[in-house]
């Protein structure tokens, strides 16, 4: 019995719920939101869909006690309007900080002891606060972090060279926010180092321009539809599937960094226990400095919580 909980049934939460139900990933799904009318409507809509699906999911709502034996819990609550104009994820901080201080004790009181995946912004600081206040281990708690930003990097680079984004590898690291950066030294296209591939294609690289496109990719989506949902929900579900299947899947997530004593986007291996281990990679001195700066940015905000 694969049992999953979602706290926050907004654009991201409901997209995750829809994906879990239509793909048959969840046998039992718990939906929780402060807007009970919306939760009821989403429950009914998902139940209506099941008559046309090959799988069935039991859907329950508004009961924190059900989280006791949940395998995976998603926290997806947020206030997108706060960040929509600027694209700055810290604009949501005051709202999400208050929300987490209300929700975390309820998670702890439920007896939840599974794997928690956070998408709430500012992702790194909120994820660390959840880990500490819900009294869970650093293995059990991760944020989607720069997993989405790495996907955006793959898209932007693939468009530059006319290849499939799946053929672009590498990482966007650091904060899921303005201080994030691409570790260009490790980016490869069709298994060739990026610089080498660009020369083969006879194309010039403007790293600053590429990085600006990646950093502002979320804002571009916000400005068109008022929120983001598909990309981040897909990342969250991918992590859940890695936990269920003990995939030992290597990807960048927001998880605890011992050196800087903070949650931050970095490569890790995801399996049945959550974050199995952090996968340290080689960075240039310049990239190390950017990573340190990003860690300090996150810590500064986290300390205000």
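Please work out, to two decimal places, the log10 of the ratio I(q)/I(0) at q = 0.17, 0.28 Å⁻¹ from a Debye calculation in which every Cα of the range 4-51 carries one identical scatterer. Values returned for q = 0.17, 0.28 Å⁻¹ are -0.41, -1.15. Counting neighbouring beta carbons within 10 Å and listing from fewest to most, the residues 228, 234 come out as 234, 228. Of all DSSP-defined beta bridges confined to the chain, some 50% are antiparallel rather than parallel. Relative to the dominant Cα principal axis of the chain, helix 36-49 is inclined by about 80°. Taking other C-beta atoms within 10 angstrom as a stand-in for reagent exposure, 305, 142 fall in the order 305, 142, fewest first.
Full extension of the chain segment joining residue 53 with residue 230 gains 61.7 nm, where the gain is 0.36 nm per residue of separation less the Cα-Cα distance. Sorted on the mean count of surrounding Cβ atoms within 10 Å across their residues, most packed first, peptides 129-136, 116-123, 186-193, 250-257 read 116-123, 250-257, 129-136, 186-193. The Cα trace of the chain gives Rg and Dmax of 19.0, 60 Å, the first to one decimal, the second as a whole number. DSSP finds beta bridges in the range 3-143, and of those with both partners inside it, around 0 percent are antiparallel.
Rg and Dmax over the alpha-carbon atoms of the range 3-143 stand at 14.8, 42 Å.
Per residue of the chain, the DSSP helices (runs of n ≥ 4 H) give a summed -39500 (n - 2.57) that works out to -13500 deg cm²/dmol at 222 nm. Between the helical axis of 147-161 and the longest alpha-carbon principal axis of the chain there is an angle of about 40 degrees.
Take 63-75, 284-296, 166-178 and order them by the average number of nearby Cβ atoms within 10 Å per residue, most first; the result is 166-178, 63-75, 284-296.
In terms of surrounding Cβ atoms within a 10 Å radius of their Cβ, 263, 227 rank from fewest to most as 227, 263.
Only the coordinates and a few stated rules stand behind these numbers; no lab work does. Everything quoted here is computed from the prediction, not taken from an experiment. Positions of Cβ are generated from backbone atoms using ideal geometry, with glycine treated the same way; all protein chains shown enter the neighbour counts.
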